[in-house]
Amino acid sequence: QSTWGRMFVSNSSARYRRANSHESDFEDRKGADGTGFSIANFMIVIWVVMFLCVPALLFRVTLTHHSPVHTAEPELWEMLKHRVAIGVLLTGRNLTQQTIDETIHTIKSTWMSDERVPLGSFFSEVEHSNVLNLGRIAKAKNWNASAPQSSSQILALFAMLTQSPTADYFILAHQSSYLILENIARLISAAPHGLFYTGRPYFVSDCFGFDEKGWDNGHRMLFASLCGGIILSRDAAENMFLGIDTCLGDMGSCKPDMRVSVCLNRKAKGSDLSPASDVIGHMTILDQHRHFHSTPPLEALANPNLDLNMRPYSFCHLTGTDFESIRQFEHDPSRELTYATLSRYLHDKPT
């Protein structure tokens, strides 16, 4: 915090004295040059100058002495550029060439620009010049994928793993997700080494032996929602692909993001998947996991238990205007990227 001096105006101890008793204390006097410029007029000018200039000076000093509070350290951005690969999965029955173009444009013009994320990719089942086709990925490896859609996230993660040899971490998100990369970079920079898998946690349910309430013989398994963003270390991703053929096979009603967790927690053993001590035993749950959101910002902010001093990592189910709103918030160097500042911004911005 800079030490601020105080600006003040001191008056001379000398006082004007009136030669005649009938002169009022507030009566104007002639200037020495005979122009008739009075003391009262002079004081008015001084106060006007102070009123106009001092706030501007203080504002300028504030910008000069206080570096942008959420400008990440250069090494964090360098880590994102060279050590983190990010993929976005484009899904939906109504995907067309136009909607894909529009979606990619929205994402790349907000949180996933080429400058920020050179190791960025888009994936879809639909053929498009700017996306990697999931069916082609499976076919190229002669994998017996029961359906590209059901194995979409595993296929996308495999492509990221093989195409980004310098990446130590992989992030997969949904087309309606918004990732606040500076906050995520801070999280990853402090992540434990080795097997790391985190995101917005839910219980695996109605999948691979787990019932609809998420129980399997007294045990439960967590998975990270694609909507909130899935983060994997390279070690975790490589372990997941030890049993890739079985993971890509028929796993019943398992949803794609549940499959990622199941394949991380189990590995192939013949035709069955069995627990393995050398593969992740459970999802990496951090104190910050609750700050990945599979909901829009305003819905997340409505949680009465939310610590407003913490930093959000992601939101989901955003529309085009939502993307732009969060981009303006995120890119403003005068704001710290916390829930408190986001809440004030969203409630104060013009509608």
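The values are calculated or read from the model by the stated rules, or taken from the named source; none is laboratory data. Keep in mind the model is a prediction, meaning the values are calculated, not measured. Positions of Cβ are generated from backbone atoms using ideal geometry, with glycine treated the same way; all protein chains shown enter the neighbour counts. Surface areas here come from the heavy atoms of the whole protein model, side chains and all, with no ligands, DNA or RNA. Shrake-Rupley method; radii C 1.70, N 1.55, O 1.52, S 1.80 Å.
Just so you know, in the stretch 150-171 the residues that are of a type in the set (Gly, Ala, Ser) and farther than 22 Å from Ala191 by Cβ include one that is modelled with the lowest pLDDT, and it is Ser150.
If a residue has to be outside any loop (DSSP other than H, G, I, E, B) and more than 30 Å from Arg335 (Cβ to Cβ) to count, how many in the stretch 179-225 make the cut? The number of residues fulfilling the criteria is 9. Can you tell me which residues in the stretch 83-105 are at pLDDT below 90 and within 18 Å of the chain's Cα centre (by Cα)? Result: no residue meets the conditions.
Tallying residues that are outside any loop (DSSP other than H, G, I, E, B) and either of a type in the set (Gly, Ala, Ser) or within 15 Å of Ile107 (Cβ to Cβ) (or both) within the stretch 332-351 yields 2. If you go through the stretch 94-152 and keep only what is within 29 Å of Ile180 (Cβ to Cβ), part of a helix (DSSP H, G or I) and among the polar types (S, T, N, Q), you end up with Gln98, Thr99, Thr103, Thr106, Ser152. Considering each residue of the stretch 149-171 in turn, none proves to be touching a strand residue (DSSP E or B) at 6+ places or on another chain (Cβ under 6 Å) and open to solvent by 30 Å² or more (accessible area, probe 1.4 Å). Looking across the stretch 214-245, the residues that are modelled with pLDDT under 85 and charged (D, E, K, R) come down to Asp216, Arg220, Asp245.
Looking only at residues that are in contact with a His (Cβ under 9 Å, 6 or more places away or on another chain) and β-branched (Val, Ile, Thr) in the stretch 91-103, which one is least open to solvent (accessible area, probe 1.4 Å)? That would be Ile100. Scanning the stretch 303-330 for residues that are under 17 Å from Arg186 (Cβ atoms) and loosely packed, with under 12 Cβ neighbours inside 10 Å returns a single hit, Asn309.
Screening Arg186 against (1) in contact (Cβ under 8 Å) with a residue 40 or more places away in the chain; (2) touching a Gly at 6+ places or on another chain (Cβ under 6 Å); (3) surrounded by fewer than 21 Cβ atoms within 10 Å (Cβ to Cβ) leaves a single unmet condition, (2).
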